[in-house]
1. Taking all pairs of different Cα atoms in the chain, averaging 1/r and flipping that mean, what Kirkwood radius in angstroms comes out?
2. Within the set of other residues whose C-beta is less than 14 Å from the C-beta of residue 60, count the net charge using Lys and Arg as +1 and Asp and Glu as -1.
3. Lys and Arg at +1, Asp and Glu at -1: add these up for the other residues within a Cβ distance under 13 Å of residue 125 and post the number.
4. Tell me what the chain gives for mean residue ellipticity at 222 nm when only DSSP H runs of n ≥ 4 count, each as -39,500 (n - 2.57), the sum divided by the residue total, rounded to 500 deg cm²/dmol.
5. Mind jotting down the distance between the C-alpha centroids of region 125-196 and region 6-49, whole Å?
6. Quick check on packing: order 174-181, 25-32 by the mean number of other C-beta atoms within 10 Å, highest mean leading.
7. Where in region 8-31 is the amide nitrogen less than 16 Å from a point lying 7 Å along the Cα-to-Cβ axis of residue 42?
8. May I ask for the net charge around residue 114, where only other residues with Cβ less than 13 Å from the Cβ of residue 114 are counted and Lys, Arg are +1 while Asp, Glu are -1?
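Any read-out appearing in this document is the output of simple, stated calculations on the displayed coordinates, not a laboratory observation. Bear in mind that the values here come from a model prediction, so they are computed numbers and not experimental data. Note that each Cβ is placed from the backbone with ideal geometry, even for glycine, and that neighbours are counted across all protein chains shown.
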Amino acid sequence: MITSYFRPRTLDEALALAARADAVVLGGGTGVNAQPGRAPVVAVDLQALDLDGIRADAGRLRLGATTRLQSIVDSGHVPEVLRELARLEAPSTIRNAATVGGTIGMADPESPLLTGLLAFGARVGLARVGSNAEHPLDAVLDDRHLLQGSIITSVTVPMGGRAAAHGTARTPMDAPIVMVVACRDADGTVRIAASGVASRPVLVDPQRLGELAPPADFRGSSAYRAHLAAVLTARALASLGGGEPA
Ligand SMILES: Cc1cc2nc3c(=O)[nH]c(=O)nc-3n(C[C@H](O)[C@H](O)[C@H](O)COP(=O)(O)OP(=O)(O)OC[C@H]3O[C@@H](n4cnc5c(N)ncnc54)[C@H](O)[C@@H]3O)c2cc1C
C-alpha cells in the first residue's frame, strides 16, 4: 500500500529517498501496481529525472533506465533481436508504461528482454548515496541485495556483433516456455542465455546443458524444457553463422 508519493527532480534527492527502508522505486509502475503489498511503502517515482533515452556511441548502446519498452521496440539504434524481444515482453498497453529499469527490477523468470540483454553482455549502471558503479546484468539478477537502496540509471550493451533468438511458446504471443538467445560480439566472444530453465534467465554453457534442472509447470515437464534448451541452443548457434549484424 503506497502511503506517500515523491517525484524527485534530482538523482541525489531520489537516492536519499530510495535509501529509506520503506521506499519502493517506481519506473513505469506496471509491476509494482500489479502486486500491491499490505505493508505501507513510500513511492519514489523516477519519471522527472531525465533518465530515459537511447544513445549509440563508440560501439556501445546505452538505454536510460526509464526508457519505455515501446521506445526500444521503435528505436532504429537498437539491434533487431533486442527490439523483437522487447515487443514480446508485454502487450503494447504495458510496453508504453513499463521501463527497462523496472524490467530488471522485476526479474521475471521468463522475461524475453532480460534473456536477450544477458546474451548481449549487458552492464547495469547502479547509483546509491555516495557511489556509482556498473555491474554485469548477471550479477544484478544473482544478488538482489545490490538493488536495495540503489537506483538503476542505465543499461549498456556492446554493438556490432550478431545475435539470434529462438523460443517455443504455446501461441506466438504467449510467454515462451523456453527461450534461447545467442550473441557473438564483434571480438568473437559468444554468450548464450536461456529463460524457462531456472528461476531466472541465466547464461548457459552449450557443453553443460545436461546439468540444467529446469522447473516444471503445466506447460512442460523438466525433461521437456531441458530438451527444448538443447534444440533451441543448436538453432540459435546455427543462426549466428555469416550474414548481417543483428
Ligand atoms: C497486464 C500485465 C501484464 C504483464 N506482462 C508481463 C510479461 O509478460 N512479462 C513480464 O516480464 N512482466 C509482465 N508484467 C509485469 C511488469 O509490467 C513488467 O515486468 C515491466 O517490465 C515492469 O516495468 P516497470 O517499469 O513498470 O516496473 P515497476 O513496476 O516500476 O518496477 C518493478 C520493480 O523494479 C523496481 N524498479 C523500477 N525501476 C527501477 C530503477 N530504475 N532502479 C531500481 N529499481 C527499479 C521497482 O521498485 C519494482 O521492484 C505485466 C504486468 C501487467 C500489469
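1. Working: mean 1/r = 0.0541 Å⁻¹.
Hydrodynamic radius (Kirkwood, Cα only) of the chain equals 18.5 Å.
2. Numbers: positive: 55, 62, 123; negative: 57, 134, 185, 187.
Charge balance near residue 60 sits at -1.
3. Spelling it out: positives minus negatives among the neighbours equals +4.
4. When only DSSP H runs of four or more count, the value is -8000 deg cm²/dmol.
5. So the two Cα centres are separated by 23 Å.
6. With the highest mean Cβ count within 10 Å placed first, the list reads 174-181, 25-32.
7. From region 8-31, the list is 8-26.
8. Its environment carries a net charge of -4.
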